[in-house]
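I have placed the structure first, in the form of structure tokens, so that the comments after it can refer back to it.
The values are calculated or read from the model by the stated rules, or taken from the named source; none is laboratory data. This one's a predicted model, so the numbers in the text were calculated from it and none came from an experiment. Note: ideal-geometry Cβ built from the backbone for every residue, glycine included; neighbour counts use all protein chains shown.
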Amino acid sequence: MPARPRAISGSAARALVRKPLAADVSAGLPAAGQAVPDAKAGRIRQAQESTILQAAEKVFARAGFAGASMSELALAAGLPKSTLHYYFGTKEALHRAVLANILELWLVGMDAIAPDAEPRDALCRYIRHKMVLTAERPDASRVFANELLHGAPQIGDILRNELRPLMRRKAKVVEGWIEAGRMAPVDPVHLFFSLWAMTQTYADFEPQISAVLGAETLGPRAMSRAATHVENFVLRACGLDVASEHN
């Protein structure tokens, strides 16, 4: 399994809603002559923002945006409500930052989809990245799914203006693999739609899957088997060698 993805900071999550995905990291550095924030204060801020984001992820997953209150969110984070207002301002801004954080975590794995990468290895790395997030952060997928079911009012602009161009670039990579005879012809964009659906379903529909499997929850063994299944399903569709069925 790949290394566990790390949550981005709250400031990075907020920046994502204003800047293009995969923006140059140098854009976040202080300008010449600008004061550099105190390192300790910066670490404290980053830690508190991360705590708030992860707590809010769980609350929004269970209560939804409308059902969650700032008091409940503060209680889950173990911080005063004033601290949440200080860092994020409003519940709407916090919700948007949580969604941006989730999207950024998911998209980090797409770095594997590169022209010089081996298609089989790149697809497996991306699938495993998504399955690790599904296993370790199932609430993230549920929050995101709930946002989409309500018409994406908070991040519709990001999906249209930022995610869409990124997906076009990644689709071009897959098209290049196909044209070079490195994998079977598939619809590149719909390949990614299928990958998202197959990996996120184990979070969004965990109660249904657990019930059919006769388990209370999906443990590491079940998730490993699921990841191998998704990998092999995709590899076969792409005309690539499959992994062992017993991983």
**Complete:** Over the range 128-141, the set of residues among the charged types (D, E, K, R) and surrounded by 21 or more Cβ atoms within 10 Å (Cβ to Cβ) is LYS130, ARG137
**Request:** Please state which one of LYS40, LYS58 is in a helix (DSSP H, G or I), of a type outside the set (A, V, I, L, M, F, W, C) and either under 30 Å from GLY239 (Cβ atoms) or more than 17 Å from the chain's Cα centre (by Cα) (or both).
**Result:** LYS40
**Fill in**
Restricted to the range 142-168 and to residues being surrounded by fewer than 19 Cβ atoms within 10 Å (Cβ to Cβ) and among the basic types (Lys, Arg), the residue farthest from GLN54 (Cα to Cα) is ARG168
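Every residue, every condition in (1) touching a residue at least 40 places away in the same chain (Cβ under 8 Å); (2) assigned to a helix (DSSP H, G or I); (3) farther than 18 Å from ARG142 by Cα, yes or no:
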residue	(1), (2), (3)
GLY176	yes, yes, yes
PRO185	no, no, yes
ARG221	no, yes, yes
HIS229	no, yes, yes
**Asked** Is it the case that LYS172 is at pLDDT 95 or above and surrounded by 15 or more Cβ atoms within 10 Å (Cβ to Cβ)?
**Response** no
**Request:** Mind listing just one residue for me: the one in the range 195-219 that is part of a helix (DSSP H, G or I) and among the aromatic types (Phe, Trp, Tyr) and, of those, surrounded by the fewest Cβ atoms within 10 Å (Cβ to Cβ)?
**Result:** TRP196
**Item:** Identity of the residue in the range 49-75, out of contact with any Phe, Trp or Tyr (no Cβ under 8 Å at 6 or more places or on another chain) and either on the phi > 0 side of the Ramachandran plot or of a type in the set (D, E, K, R) (or both), that ends up surrounded by the fewest Cβ atoms within 10 Å (Cβ to Cβ)
**Value:** ARG62
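Quick one: is GLY78 surrounded by fewer than 17 Cβ atoms within 10 Å (Cβ to Cβ), closer than 27 Å to ILE52 by Cβ and touching a helix residue (DSSP H, G or I) at 6+ places or on another chain (Cβ under 9 Å)? Don't jump to the end; show me each part of the working.
Numbers: surrounded by fewer than 17 Cβ atoms within 10 Å (Cβ to Cβ): yes; closer than 27 Å to ILE52 by Cβ: yes; touching a helix residue (DSSP H, G or I) at 6+ places or on another chain (Cβ under 9 Å): yes.
Answer is yes for this residue.
Each row is one residue, and each column tells you yes or no for (1) farther than 24 Å from GLU175 by Cβ; (2) modelled with pLDDT of 95 or more; (3) among the basic types (Lys, Arg).
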{"position": "PHE193", "(1), (2), (3)": "no, yes, no"}
{"position": "PHE205", "(1), (2), (3)": "yes, yes, no"}
{"position": "GLN208", "(1), (2), (3)": "yes, yes, no"}
{"position": "GLU231", "(1), (2), (3)": "no, yes, no"}
{"position": "LEU235", "(1), (2), (3)": "no, yes, no"}
{"position": "LEU240", "(1), (2), (3)": "no, yes, no"}
{"position": "SER244", "(1), (2), (3)": "yes, no, no"}
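Counting only residues that are of a type in the set (A, V, I, L, M) and in a loop (DSSP other than H, G, I, E, B), which one in the range 66-106 is nearest to the chain's Cα centre (by Cα)?
Applying the first criterion (of a type in the set (A, V, I, L, M)) to the range 66-106 yields 66, 68, 70, 73-77, 79, 84, 93-94, 97-100, 102-103, 105.
Subset that is in a loop (DSSP other than H, G, I, E, B): 68, 79.
On the way: ALA68: 21, LEU79: 25 Å.
Top of the filtered list is ALA68.
Given the structure, is VAL212 on the phi < 0 side of the Ramachandran plot, touching a residue at least 12 places away in the same chain (Cβ under 8 Å) and out of contact with any strand residue (DSSP E or B) (no Cβ under 8 Å at 6 or more places or on another chain)? Please lay out each step first, then the result.
Values: on the phi < 0 side of the Ramachandran plot: yes; touching a residue at least 12 places away in the same chain (Cβ under 8 Å): no; out of contact with any strand residue (DSSP E or B) (no Cβ under 8 Å at 6 or more places or on another chain): yes.
Considered against the rule, which asks whether it is on the phi < 0 side of the Ramachandran plot, touching a residue at least 12 places away in the same chain (Cβ under 8 Å) and out of contact with any strand residue (DSSP E or B) (no Cβ under 8 Å at 6 or more places or on another chain), VAL212 comes out as no.
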**Item:** Within the range 118-169, considering residues that are closer than 30 Å to ALA180 by Cα, acidic (Asp, Glu) and in a helix (DSSP H, G or I), the one modelled with the lowest pLDDT
**Value:** GLU162
